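Here's the structure, in structure tokens; my notes come after.
Please treat every number below as a calculation from the coordinates, not as lab data. Because the structure is a prediction, the values reported are computed rather than measured. Quick reminder, even Gly has a Cβ in these numbers, built from the backbone with ideal geometry, and neighbours come from all protein chains shown.
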Amino acid sequence: MKRFADLSEQEVLALAVSNEDEDNRIYRSFADGLRGSYPDTAAMYDKMAEEEIGHRDMLLELYRRKFGEFLPLIRRQDVKGFLKRRPLWLNRPLGLDAVRQFAEEMEYETARFYRRAASSAQDDAVRDLLRKLAAAEDKHEALARELGAKLEPRARAAEDETARRMFVLQYVQPGLAGLMDGSVSTLAPLFAAAFATHNTWATFLVGLAASIGAGISMGFAEALSDDGSLTGRGAPLVRGTVCGVMTALGGLGHAPPTLFRISTPRPLSLSR
């Protein structure tokens, strides 16, 4: 798996072609799944699919003009930084809200990819096309958001759903993952130390060491899993720090209680 920063201009264009073709097929699948219950929405996704094909053709024409006919096989799952997509389009029946949210996130990620690619492009024609496509994907994201507001019968709160989901990805998700991992992973060494030593201070030190070690491990794992350049999940250092600190806190929650020794009352002796 390659980092986005390591891709050549040829590979970036090939990846963009592959992404547009995949997005077209996803929108077609959404339209097919929604056509029976929501024909107007299905028609809108058909239109968005056609636009993705148009984007693909523009990219392919530019690619052929610069690099020839050979198109290397490179997909989003081959590049570090893309979110892993659940195959929502395979579900039947399709939920309208779930499809709308998926489309918003997909267009947000694609627009971010085009802007990042444009900022590193050396060729003027490539840079201009990528910026044009980023603006088009922004319109798709707004359309997906407005589509849900129009078709939902009850009033929706005026909030930026995409920003909320990105906040969850940046802070809440790594924090909760760390908290759960720390809470569970430190139990085994705590119990082992308690049974082996029967010493409260030694047990506390084992719990402290296990919590700190788990925090460091989870922090590095989260930071190295995704550089955040394409997904908008934030800087790896921030996510890793959030995950590591919450992991350590989850483990430390078990350690202090081990300092309290519960004394058992002595049996009373009856003396005459």
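Sorting the segments 115-123, 174-182 by their residues' average number of neighbouring beta-carbon atoms within 10 angstrom, most packed first, yields 174-182, 115-123.
In a fully extended conformation the segment linking Phe67 and Met180 would gain 35.8 nm over its present Cα-Cα distance, using 0.36 nm per residue.
Shape verdict for region 34-93, please, from the Cα gyration tensor: rounded (a/c under 1.5), prolate (a/b greater than b/c) or oblate. Please list the in-between numbers first.
Numbers: a/c = 3.71, a/b = 1.57, b/c = 2.36.
Judged from the Cα gyration tensor, region 34-93 comes out oblate (a/c at least 1.5, b/c at or above a/b).
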